[in-house]
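Below: the structure, in structure tokens.
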Amino acid sequence: MKRIAILGSTGSIGRSTLDIVATFPDRFSVVSMAAGSNVDLAFEQARRWRPQLMSMGSDEGTGQLQDKLKKAGLDKAIEVADGSAGSVKVSTHPDADFVVSAIVGVAGLEATYEAVKAGKTIGLANKECLVAAGDLITVEARRQGKPLLPIDSEHNAIHQCMRGGRRNEVQRVWLTASGGPFLNTPAQDFANITVEQALNHPTWKMGQRITIDSATLMNKGFEVIEACRLFDMPPSQVSVLVHPQSTIHSMAEFVDGSLLAQLSVTDMRLPILYALTYPDRIESNLRFPVQELRRLDFEPPDLERFPCLRLAYEAVEAGGGKTIALNAADEVAVAAFLEGAISFQEIPATIKAVVGETQARIPESISEVLQVDADARRRASGRIQRLGPRDAVAQTSWATWRK
Ligand code: NAD
Ligand code: MG
């Protein structure tokens with residue numbers, strides 16, 4: 001029986017994880033869970049899964065959860081915590097041996113790092129952790145002798161492909177990208193992209209932040225950085241290929257010229273199951289109808305229309321604080337876009353400005369990472385406020401962030 005802690009239980013990855021637990025009740029149980037603000041769903045999950053500990057993002061949510069648990073007669077059985085200390089308590093719970101890291105953004109960093117430090121095996125969905133603090137996390141995981149098992153579908157695919165040879169035989173990895181909803185949108189139409197259009201991802205159903213990041217290709221940029229750090233590769237050996245069908249989840253290219261690709265359904269339950277059962281594989285019903293497969297298309301990414309990808313390559317080349325700022329500015333800019341405060345094109349413009357103002361100095365601790373993160377957030381928010389109302393922002397010309 002594998003005993004799991006879930007960070008981000010009410011999110012898209014968290015719910016898919018619980019679906020796997022429900023499908024294989026003899027193999028997995030839930031020890032502890034951390035959620036953000038969805039008290040109703042957190043309560044439902046607590047009632048269904050009876051974790052020993054449940055944490056909410058804020059003390060307000062915790063109070064509401066406690067009331068609900070009391071009414072249900074569960075307040076004695078389930079401990080409640082809150083905030084980042086609560087998430088750390090969840091991820092380092094002594095009875096948990098596997099942690100699914102699926103809080104969105106840097107909010108999940110401390111809990112993930114502390115879980116690594118506590119010697120837990122991690123199933124990593126939260127790529128922002130590696131973008132902001134990749135070296136600190138991977139060094140600690142190596143010291144603990146515990147794997148960081150990628151749940152992000154591309155890295156999960158590469159992890160699988162890499163088992164086909166020795167590490168030093170892998171010459172390059174190819175991350176595939178669906179291209180998002182604007183793959184074929186002409187450059188002049190980008191100024192009018194709406195929130196609704198940007199949230200309409202063609203192949204995956206995910207949380208809001210990653211969906212917008214997929215529309216700007218920043219998600220792929222983060223994934224380039226994630227691959228560099230997970231697989232210890234320079235950015236020059238991590239390439240991106242647009243593949244609109246999202247059937248090949250990624251590939252590893254070996255020194256002899258062989259390319260190994262992983263194909264499967266576009267369903268995150270499969271990479272979650274792989275991480276949870278690694279190094280074994282178990283039978284599932286997540287089958288891919290390969291006999292119905294007719295075509296696989298590929299094209300290079302367009303860095304002119306999608307400058308976020310280029311910004312990510314530049315940030316990881318420079319390293320240190322630059323990738324922290326990349327993520328922090330993106331978090332702030334995406335939230336502002338979702339609120340209608342800035343235009344779609346202001347997302348890369350904001351990131352570019354904030355990363356440009358941030359030093360590349362390598363942080364030596366998680367608290368230093370969080371400091372650089374907070375500074376970058378302040379800069380991003382300040383810039384957005386200075387931009388003024390949405391109408392003025394929409395005028396931002398293409399040329400301002402285009403090289
Ligand atoms: P989501 O928005 O659906 O869920 C995020 C979860 O984090 C929710 O449970 C939310 O309550 C929780 N949360 C947010 N702030 C919190 C806080 N301060 N404290 C505690 N909990 C908090 O997002 P998602 O799509 O499930 O993505 C989660 C992570 O997985 C992201 O890092 C994303 O990049 C990554 N990921 C997701 C997918 C996918 O298919 N959804 C694929 C690959 C990687
Ligand atoms: Mg991915």
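The order of the peptides 295-302, 170-177 by mean Cβ neighbours within 10 Å, most packed first, is 170-177, 295-302. DSSP assigns beta bridges within the chain; of those with both partners inside it, close to 30 percent run antiparallel. Among the trypsin sites (Lys or Arg not before Pro) found in the stretch 199-268, those both in a DSSP coil and sparsely packed, with 16 or fewer other Cβ atoms within 10 Å of their Cβ, are 205. For residue 320, no residue has an amide H sitting under 5 Å from its own, ignoring neighbours fewer than 5 places away on the same chain, with H placed 1.01 Å from N. Taking the empirical scaling 2.2 N^0.38 Å for compact globular proteins as reference, the stretch 128-223 has a Cα radius of gyration ratio of 1.33.
Explain nothing, just compute: Karplus ³J(HN,Hα) = 6.51 cos²θ - 1.76 cosθ + 1.60, θ = phi - 60°, for every residue of the stretch 220-228 in order, whole Hz, x for Gly and Pro. Working through the residues one at a time gives 5, x, 4, 5, 4, 5, 4, 5, 4 Hz. Calculated FRET efficiency, residue 74 to residue 19, Cβ-Cβ distance, R0 = 25 Å: about 0.65 to the nearest 0.05. Shown here is the pair-distance distribution of the stretch 57-107: with all Cα-Cα distances grouped in 5 Å bins from zero up to the longest one, the shares run 5, 18, 22, 23, 20, 10, 2 percent. Might you tell me the accessible area per residue for the chain, computed with a 1.4 Å probe and given in Å²? Ligands and nucleic acids excluded, the figure is 43 Å² per residue. Hydrodynamic analysis of the stretch 228-275 uses the Kirkwood radius over alpha carbon pairs. Inserted into Stokes-Einstein at 37 °C and 0.692 mPa s, it gives a translational diffusion coefficient of 260 µm²/s.
The simple spin-label model puts a point 7 Å past each Cα toward its Cβ; for residue 38 and residue 185 those points are separated by 2.5 nm. Based on every Cα atom in the stretch 62-138, Rg and the maximum pairwise Cα distance Dmax equal 14.1, 45 Å. With a Förster radius of 22 Å applied to the C-beta separation of residue 286 and residue 29, the computed FRET efficiency comes to 0.55. Note that the stretch 260-389 shows a convex hull volume over its alpha carbon atoms of 193 Å³ per residue. Each distinct pair of alpha carbons in the stretch 11-98 adds a 1/r term; the inverse of their mean, the Kirkwood radius, is 12.9 Å. Adding -39500 (n - 2.57) for every DSSP H run of four residues or longer, then dividing by how many residues the chain holds, sets the calculated 222 nm ellipticity at -14000 deg cm²/dmol. Of the accessible area of the stretch 2-151, computed with a 1.4 Å probe over protein heavy atoms only, carbon and sulfur atoms account for 46 percent.
Given q = 0.12, 0.18, 0.21 Å⁻¹, what are the Debye log10 I(q)/I(0) values for the stretch 169-328, with equal point scatterers placed on the Cα positions and solvent ignored? The Cα Debye sum returns log10 ratios of -0.59, -1.30, -1.55. Each principal axis of the Cα cloud of the stretch 2-151 was taken in turn, and the coordinate range along them, longest first, works out to 45, 34, 25 Å. Kirkwood hydrodynamic radius of the chain, from the reciprocal of the average inverse Cα-Cα distance over all distinct pairs: 21.6 Å.
The values are calculated or read from the model by the stated rules, or taken from the named source; none is laboratory data. What you see is a predicted model; the values in this text were computed from it and never measured. For neighbour counting, all protein chains shown are included, and Cβ atoms are generated from backbone atoms with ideal geometry for every residue, glycine included. With ligands, DNA and RNA removed, areas are computed over all heavy atoms of the protein, side chains included. Shrake-Rupley method; radii C 1.70, N 1.55, O 1.52, S 1.80 Å.
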